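Just below is one structure, and these are the notes that go with it.
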Amino acid sequence: MKHIVCFLFILISLMACTPEVETAVSPAPPAATATTLPTETAVPPIPPPTATPTAVASPTATFITDPLAISPENVDQLTQLTQFSKGTILGVSWSADGTTFGIASAAGIHLYDAETLDQIATIDSELPILGLHLPPIEESVLIINEGYGPILNLVDKATGEIISTLDGSLVAFTEDGQTAVFWTGSELPNAVTMSWKNLLTGEVMRTLELPQPPLAYSPAADLVLDIADPGNARQLRLIDGFNGEVRHFIDLPAILSLVAFSQQGDVLAVGTTDNVVQLWDVASGELLHELEGHPNWIEKIVFSPDGRFLITTNSMGETRIWDTSSGQLLQTLPGGQWIKFSPDSQEVAIAGLDRVDFYDVTTGQLRGTLADYSNYVHDFAFSPDSTLLAMNGGNGKNIRVVDVTGNQLQQTIEVDEFPSAVAFSPDGRLLVWGDLGPQYQVHVYDLETKQHIKTLTGHTDGVFDIVFSPDGQIMVSTSWNREGIFWDTNTWEPILNEQVHFHVAFHPNGRLVAIEQNNLEGVSTVEIWDMTTWELLQTYPIAGHIYTFNPEGLLLAYEKCCEEMGVGLLDVESGEFVHSIDGVCGKAALTPDGHLLAGCDAYTSSNAVLLWDVESGQQLNKLEGNTNFFNPVFSPNGRLLATAGADGTVRLWGLPSGTP
């Protein structure tokens, strides 16, 4: 099972002025013929794999010893220096008195003063977080954690210690906020139990048996809503929450999609599959209003605490505010993942995965924003001088460039489509990124003038990776459907279109390039090409992906996969692996001098970054922090390691200040 999980993790981890437009022409790939290897002096051609190979002359890299560069000797001293963003938003909540606003993210719980939006506290959670509720219980928060099903942990704000733990599928909280209502059991007939549990003690106050899970519960009216017949989603029934007796039925004109009770328990809102929301009088069972005009599928229904307003959201990214007494549309605002009214019903918080916006309900005016959050970061790269870190994804359609020396956002580049791969040119002048579609373009941006200078077209699927040759004369962009386009960076014209299975690596001599391949049978190979003639020199079997060459010209690639995981350094002269490292999973990276390897542990946790000594294969350190870590990148000067995870954070690791 661990091997299967790791395999899936690898797959997921690989998913990292008016511009002129260049369109790639698709020349026929050259024939695979043997030729003289490019070295400083000519040598005989590489013989077939069965013959004894001839040595390849590679440049010898000279590294000046830097006491702050990460090395096998000091790797045990690595520490987290900084963290970009507070992670992906997973839930939001107002306190009962409206003075505090809380955000649950993959990196913890963050509490803010609701008036000033200044942060006042942070609470860590050892378990994965699914959501948040701020109950009217002094100095506590309720964190919804992931476990064997959702787990509710009541936590002390000051210490982070768990006060009580409850489990089950949450239905609602009672009016006084002291009790939570759950259902447990299966969805089989007569197999569901509703339970009213005290938040502080976990004591079960009462229970109710139901034939199927409840759709909603009104604490004010003590009414449970469910489907009258599991085979008919057009008829609902209202059940007395104390004795289980049916009050009355509600017949719908279309199939039910979602429901909500007003806080007073007098109105029931029902969304149907014909994109209409109906308001029903709970006491009489009469239809009050039909809220029409939604352009697409209705995703959320939320009443204001005073019952005067109803918010609906739809799949077109709209949030609509309605007057419940008249059924009139009052405001149309941007959409979000979570919608929360303030306790006084004057404001509404609309939260996405990376930000929370606060709007005045009556005027629709934006009052404030909390934006220090990020969705999953697809890719990031250091500038050649190691001072800048460019990150794409995570905050919608933009690229963020951060000065890592001062931990300051230098610029944000707004883009038209969701970005994917990102890379700096070797001279640090250009920033290049690809997008996920639907245009599937590659964009070239001048960092000094802050202008887009080129838009390259030719891909027919999302751009996966972008790599420059050491001299910057050639750039390769690859895509999810195995297209690889080699571009001349002087003219931005395509040189070669070649099938590439995700990754390309340039040899330090500047003349060889390694291209990863994978056929329909799943057999992985690496091709070695001569860029001076664009001829294929040799093909070697590998067990997965390739990543980069070390200074001596050895290629980092997967040597073992599936039953056992491991990478090695491939000698492109002989096709043999040397310096094998076992237990590596996901994307791997080498320090610039090639002495250390960073990657994921194949057999235990994907939430840690492991570092190995390349020569000995010995694990030297384990860095924990990211959730579902998937992407390590060392800075060119070797002083920093950047890691990203599915939690939406990018973390910088290095030696503590003053380390000798």
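The values are calculated or read from the model by the stated rules, or taken from the named source; none is laboratory data. This one's a predicted model, so the numbers in the text were calculated from it and none came from an experiment. No Cβ is skipped: glycine too gets one built from the backbone with ideal geometry, and neighbour counts run over all protein chains shown. Accessible surface is based on the protein model in full, side chains and every heavy atom, while ligands, DNA and RNA are left aside. Shrake-Rupley method; radii C 1.70, N 1.55, O 1.52, S 1.80 Å.
Structure summary
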| item | result |
| --- | --- |
| Computed E for Thr525/Gln619 - FRET, C-beta separation, R0 25 angstrom, nearest 0.05 | 0.30 |
| Label-point separation, Asp582 to Asp360 (7 Å along Cα→Cβ), nm | 6.8 nm |
| Mean shadow area of the range 317-362, taken as a quarter of the surface of its Cα convex hull (nm²) | 3.3 nm² |
| Area accessible to solvent at Thr449, 1.4 Å probe radius, in Å² | 80 Å² |
| Debye intensity ratio I(q)/I(0), log10, the range 281-334, q values 0.19, 0.22, 0.23 Å⁻¹ (C-alpha model) | -0.66, -0.85, -0.92 |
| Approximate shape of the range 396-476 as ellipsoid semi-axes (Cα gyration tensor, √5λ), whole Å, largest first | 20, 16, 11 |
| For the range 210-303, radius of gyration divided by Kirkwood radius, i.e. Rg to Rh on alpha-carbons | 0.94 |
| Candidate lysines - alpha carbon under 17 Å from Lys300, same-chain residues fewer than 8 apart omitted | Lys340 |
| Correct choice for Rg/Rh (Cα atoms, Kirkwood Rh) that was computed from the model, options (1) 1.04; (2) 1.25; (3) 0.97 | (1) |
| Rg over Rh [alpha-carbon atoms, Kirkwood Rh] for the range 414-567 | 0.97 |
| Accessible-area order (highest first, 1.4 angstrom probe) of the listed residues Leu431, Leu256 | Leu256, Leu431 |
| Cross-link reach list, lysines versus Lys397, counting only Cα pairs under 19 Å and skipping chain neighbours closer than eight places | Lys86, Lys450, Lys454 |
| Net charge over other residues, Cβ less than 12 angstrom from the Cβ of Thr272 (K, R count +1; D, E count -1) | -3 |
| Chain lengthening between Ser326 and Asp124 when straightened (0.36 nm per residue, less Cα-Cα) | 68.3 nm |
| Counted charge near Phe309, where neighbours are those whose Cβ lies closer than 15 Å (Asp, Glu -1; Lys, Arg +1) | -2 |
| Long-range amide H partners of Ala172 with built H, under 5 Å | Val181 |
| For His579, solvent-accessible area (1.4 Å; no DNA, RNA or ligand), Å² | 80 Å² |
| Calculated P(r) of the range 156-313 - Cα pairs past 29 Å, % | 21 percent |
| Heavy-atom SASA rank of Arg639, Arg651 (probe 1.4 Å, accessible area, largest first) | Arg639, Arg651 |
| At R0 = 30 Å, FRET efficiency that the Cβ-Cβ distance of Thr457 and Gln411 yields, to 0.05 | 0.75 |
